[in-house]
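First the structure, in the form of structure tokens, and then the observations on it.
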Amino acid sequence: MNCIKRLRSLLTRSSPKQFPRAFTSSTDDKVDETRQWPRKIFSGIQPTGSLHLGNYLGAVQKWAELQNSGEDVTYCIVDLHSITVPQDPETLRNNIIQMTATMLACGIDPNKSTVFLQSTVKEHTELNWILGCLTTMARLRHLPQYKEKTQKMKEIPLGLFLYPVLQAADILLYKTTHVPVGEDQVQHIQLTQHLGNLFNNRFGTTFPDCHAIIDKKEAARIRSLRDPSKKMSKSDPEVKSCIYLTDEPDVIVEKIKKAVTDFTSEVTYDPENRMGVSNLVAIHSLVSNGKSTEEICKEVQGIDTGKYKMVVAEAVVEHLKPIRTKINEYLKNPSELVYILEEGREKAQGIAEETMAEVKQKVGLGANLSEFSVLKTISKKM
Ligand code: TYM
């Protein structure tokens, strides 16, 4: 009898975490394709110390533009993604601070954007698990980044395999509609769309369809300076393949001087047939306040690629100079950077908690008594 009383009182007592009304739809909910979602931008970057020109021109420059046009933007430093390959803990911590300083120096303003560190919002890993249970190994095994990264590995860490699922969790957790990224991330956004749809079909409309934002074709894939058939990447063992935002001017000049082009001396923009020189024209255009690749080629008509490299180097050095100065300024006050990440965490956490409450309720997880239909039946009989 006591037990029945206790059950009745538990069932009538308001539950500690009430779900907002919109979240109480049951699993037989239909997918509502007409639902309008507010536009929400989310993107992420691994804390690898400094940014390279590919990260900056392909992603972060666009992030600042979106922020300044008044969009609802959230940018995440994805430290959990970084540990899919071995990291020295102290270096990782320093890199997180360095990345925060770099993002601010590139124009990300914490008063307009939510800037936070992935590992401080535990809901990312929770959703990662749930989405992991929805996807198949076959779907993940074929992703090109996974194939590329594991090509030379004997033992593949499970985290590297799950990497895109965690990325999907990052995106879906904030009900993101648009993700500004470089071309190398497109398949990961497609997987996110797939997992979001799968969840919606199984458990009822929860996530909007998300889309990659890649609006400047020439920025989508900045190429290695040493092997223009590959993308510029920090993991390239060839140091001269990649320009970092913190490189000294003479280092930048040296790297661009050594950039691989071809035997034609004229400067043209023809990314399919002349990848090397076209990569330089693309970089030049992107650091030149909206000058198009055609305008650049017209401007430098008559000079050969050797001399043109010096023109590009000068433009890159000039563009990066104020950013480098700002990075050093921000790094003088690391506690301010930690504070910014903490403020960002608070904002992100609120949204993440709401989404996870909804997700868990729809999936049938958790022990919220008011949700147990079997107990409701007992209580009616009592
Ligand atoms: P990451 O850290 O490798 O790169 C960050 C951003 O830089 C872009 N990028 C490039 N763009 C043009 N040319 C290049 N050579 C180049 N190299 C890198 C990337 O496309 C990316 O936009 N998995 C992601 C991080 C991530 C994420 C997310 C992104 C985790 N969760 C959620 C978006 C949404 C990555 O490793 O990016």
**Item:** The one condition in (1) closer than 26 Å to Ser241 by Cα; (2) among the polar types (S, T, N, Q); (3) not in a loop (DSSP other than H, G, I, E, B) that Gln87 fails to fulfil
**Value:** (3)
**Prompt:** Does Val239 satisfy the criteria of being in contact with a helix residue (DSSP H, G or I) (Cβ under 7 Å, 6 or more places away or on another chain) and either within 15 Å of the ligand (Cβ to nearest atom) or open to solvent by 50 Å² or more (accessible area, probe 1.4 Å) (or both)?
**Reply:** no
**Asked** Is it true that Val338 is in contact (Cβ under 8 Å) with a residue 60 or more places away in the chain, surrounded by 13 or more Cβ atoms within 10 Å (Cβ to Cβ), in a helix (DSSP H, G or I) and not assigned by TED's automatic domain parsing to the domain that holds Pro228?
**Response** yes
**Message:** Given the criteria more than 9 Å from the ligand (Cβ to nearest atom), touching a residue at least 60 places away in the same chain (Cβ under 8 Å) and closer than 30 Å to Val287 by Cα, does Ile130 qualify?
**Reply:** no
**Request:** Name the single residue, out of those in the stretch 112-137 being open to solvent by 50 Å² or more (accessible area, probe 1.4 Å) and hydrophobic (A, V, I, L, M, F, W, C), that is farthest from Glu354 (Cα to Cα).
**Result:** Met137
**Asked** Among the numbered criteria (1) under 22 Å from Val78 (Cα atoms); (2) not in a helix (DSSP H, G or I), which single criterion is violated by Gln301?
**Response** (1)
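The values are calculated or read from the model by the stated rules, or taken from the named source; none is laboratory data. Note that this is a predicted model, so its numbers are computed, not measured. Counting neighbours? That spans all protein chains shown, and the Cβs are built from the backbone with ideal geometry, glycine included. Heads up: the accessible areas ignore ligands, DNA and RNA and are worked out on the full protein's heavy atoms, side chains in. Shrake-Rupley method; radii C 1.70, N 1.55, O 1.52, S 1.80 Å.
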